[in-house]
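K.L.:
Dropping a structure here in structure tokens format, bear with me for questions.
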Amino acid sequence: MTQNKNMPEEKEAEMATLGCVFLEPKNSIILLQDMLVVDDFYYPQNRLIFRAMLDLQAEGKSIDATTVTSNLTVKNKLEQAGGPDYILELATREYTVVNLETYVELIKDASLRRKAINTLADLSQAGYDLNVTAENYIDYVEQQVFELAKSRRVDSFYHVATVTQELLEQTERNAKKNTEITGLDTGFNALNKLTQGFQKGQLIILAARPAMGKSAMALNLAFNVSKMNNNAKVAIFSLEMPKIQLLERMVSADAHIKLGNIKTGKLDDSEWVRFNNSLNKLNSMNLYFDDNSSLTISDIRAKCRKLKADTGLDMILIDYLQLISSSSESRNESQNEKITKISRNLKLMARELEVPVIALSQLSRKVEDREDKTPAMADLRDSGAIEQDADIVMFIYREEYYLKSKSERKGEADLIIGKNRSGGIGTVVFNFMGEYQRFKEIIKEEDK
């Protein structure tokens, strides 16, 4: 295969860009310092001249052929920058400042191409290192390509008039709806009122101590979201339970059949009818299971990207956050550092894919050591980054679990909204039917 060894470059655009700075230094350099970096220039002499211009701007000095020449002379870089004749040529050529942004785009395009070529060359070379496992190598490749993709462009500011138009259109769309729900319908009225539904780009944390029913609640939400939102597409990652157990729980909740009966197959005639009807219903729903127990955040992101490209994607559910494998090769990485990275990456994934991401999380054991067992933000396990990155934090609490027969709230469970960046906080009360893996909302009089 014949290869063109010439690196992408835009010599004339580089010269024109520098010439525009000499022509209108004040406005041009302010624009360029936010759009270009020195390494975006391919030619060494142009990199040196642009660096000198940036230094002069930072020092509050005027930019012209004389000051740039002086700056480079002090650095002993004048000859490397083409000498005084080259600088004078740039300063006296006739360029059109109106075309400056076009010149910049040409420079950035060539720069990004070079960066991609160099990155892929480095990745190819790294593949020969036998001390790195194939899994870690692939993860490294994906990270590098992802970083490369993020550098494709830097969004400029949006004038307020642009944003107000977007807000107007969004508000008009929502006004035409017959509901206050602007995101995905959760299937629970009180939860919808507090959140207006789960929104695109949100990271939603569902946390609880073991045996509170957080996996059951998560599956109830996944089922409801798909059912209530035009057969929405939901990706379910279970790092703890195999997919067959997830489906057993969904059928139990939907068909109102005791989970134990499904596991043993001891169903009466009416239960068999409900069982098969539920399976048929689930067959037609867009629920996608992945029960790989050793997934990294890179694995999850890659699979969700592919699913979105292939079929579409509306929500992601992960059970649970602390079980996600670390993609770091550092053996000294603490659990706190690991969870901090995972939490941040889950938020970035939600933003990138424009879907809500629900991640289940364990709570710290210190809940058990105090008299009031009601969970709070400080109980989030392993990292404060979870609270920081999350848009919504929800806790499940069942008084009956702790007080046993002394509890006056038999079968009740609280879904506590402890943080809601874009809505209200409060508590939604449910009946928790553990043998059916089902949460049923208790409708208050004022909500009827």
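Read-outs: derived from the displayed coordinates by stated rules, not from any lab. Note that the structure is predicted; figures quoted are calculated from it, not measured. Here the Cβ is made from the backbone with ideal geometry for all residues, glycine too, and neighbour counts use every protein chain on show.
K.L.:
What list of ³J(HN,Hα) couplings, whole Hz, do you get for segment 132-148 from phi and the Karplus terms 6.51, -1.76, 1.60, once you set θ to phi - 60° and write x for glycine and proline?
P.N.:
9, 5, 4, 5, 5, 5, 5, 4, 5, 4, 5, 4, 5, 5, 5, 5, 5
K.L.:
Based on the mean of other Cβ atoms within 10 Å per residue, sort peptides 38-49, 163-174, 282-293 so the most packed one is first. Display every interim value, and only then the final one.
P.N.:
Working: 38-49: 19.0, 163-174: 10.5, 282-293: 14.9.
Output ranking for 38-49, 163-174, 282-293: 38-49, 282-293, 163-174.
K.L.:
Further question: Where Rh denotes the Kirkwood radius from the mean inverse Cα pair distance, what is Rg over Rh for segment 337-448? Walk me through the numbers on the way to the answer.
P.N.:
Values: Rg = 15.9 Å, Rh = 15.9 Å.
Reported Rg/Rh (Cα atoms, Kirkwood Rh): 1.00.
K.L.:
Alpha carbons only, please: Rg and Dmax for segment 175-277, in angstrom.
P.N.:
Rg, Dmax (Cα atoms, Å): 15.8, 50.
K.L.:
Using only Cα atoms, tell me the angle between helix 214-228 and the longest principal axis of the chain; keep it within 0 to 90° and round to the nearest 10.
P.N.:
It works out to around 80 degrees.
K.L.:
Cα-Cα pairs above 33 Å in the chain: how many percent?
P.N.:
Summing the P(r) tail past 33 Å for the chain gives 53 percent.
K.L.:
Taking the mean number of other Cβ atoms within 10 Å as a proxy for protection, how do you rank 399-405, 18-24 from highest to lowest?
P.N.:
Working: 399-405: 13.3, 18-24: 22.0.
Sorting 399-405, 18-24 by mean packing, highest first, produces 18-24, 399-405.
K.L.:
Quick one: length gained pulling D64 to E435 fully straight, 0.36 nm per residue minus the C-alpha distance?
P.N.:
On the way: separation 371, 0.36 × 371 = 133.56 nm, distance 7.94 nm.
Extra length from D64 to E435 when fully extended: 125.6 nm.
K.L.:
Which length gain, in nm to one decimal place, applies between N6 and N230 when the Cα-Cα distance is subtracted from 0.36 nm times their residue separation?
P.N.:
On the way: separation 224, 0.36 × 224 = 80.64 nm, distance 5.18 nm.
Result for the pair: 75.5 nm of gain on full extension.
K.L.:
To continue, here is another question. How high is the FRET efficiency between K410 and T311 when r is their beta carbon distance and R₀ equals 35 Å, given to the nearest 0.05? Could you put the intermediate results ahead of the total?
P.N.:
Details: r = 43 Å, r/R0 = 1.22.
For R0 = 35 Å, the calculated efficiency reads 0.25.
K.L.:
So, one more: Along the charge dipole of the chain, which of S270, I117, N283 sits closest to the positive end, that is, farthest toward it, with unit charges on the beta carbon of Lys, Arg, Asp and Glu (+1, +1, -1, -1)?
P.N.:
S270
K.L.:
Another one. Test of understanding: what is the full-extension gain from T119 to T133, defined as 0.36 nm times their sequence separation minus their Cα-Cα distance?
P.N.:
Working: separation 14, 0.36 × 14 = 5.04 nm, distance 1.95 nm.
Separation in residues times 0.36 nm, less the Cα-Cα distance, equals 3.1 nm.
K.L.:
State, to one decimal in nm, how far the label point of V97 lies from the label point of T164, with both points 7 Å from Cα in the Cβ direction.
P.N.:
About 2.8 nm, to one decimal.
K.L.:
Using 21 Å as the Cα-Cα cut-off, could you pick out the over-long pairs in K177/K419; K263/K410; K258/K366; K200/K419; K214/K410; K200/K347? Intermediate values should be presented prior to the final figure.
P.N.:
Details: K177/K419 26 Å; K263/K410 26 Å; K258/K366 33 Å; K200/K419 17 Å; K214/K410 18 Å; K200/K347 11 Å.
From the list (K177/K419; K263/K410; K258/K366; K200/K419; K214/K410; K200/K347), the Cα-Cα distance tops 21 Å for K177/K419; K263/K410; K258/K366.
K.L.:
Classify segment 182-447 from the C-alpha gyration tensor, please: rounded if a/c falls under 1.5, else prolate or oblate depending on whether a/b exceeds b/c. Provide the component values of the computation, followed by the final result.
P.N.:
Values: a/c = 1.42, a/b = 1.13, b/c = 1.26.
Rounded, because the longest to shortest axis ratio a/c is under 1.5.
K.L.:
Go ahead and set up a Gaussian network model of the chain, Cα springs under 10 Å, then flag whichever of N431, N136, N178 fluctuates most.
P.N.:
In this elastic network of the chain, the residue with the biggest mean-square fluctuation among N431, N136, N178 is N178.
K.L.:
Here is a follow-up. Rounding to the nearest 10 and keeping the result within 0 to 90°, find how far the Cα-based axis of helix 25-35 lies from the longest principal axis of the chain.
P.N.:
The angle comes out near 40 degrees.
K.L.:
Using unit Cβ charges (K, R positive; D, E negative) and no other charged atoms, how large, in debye to the nearest 20, is the dipole of the chain about its Cα centre?
P.N.:
Values: 59 positive and 66 negative charges, 257 e Å.
Using only the charged Cβ atoms, the result is roughly 1240 debye.
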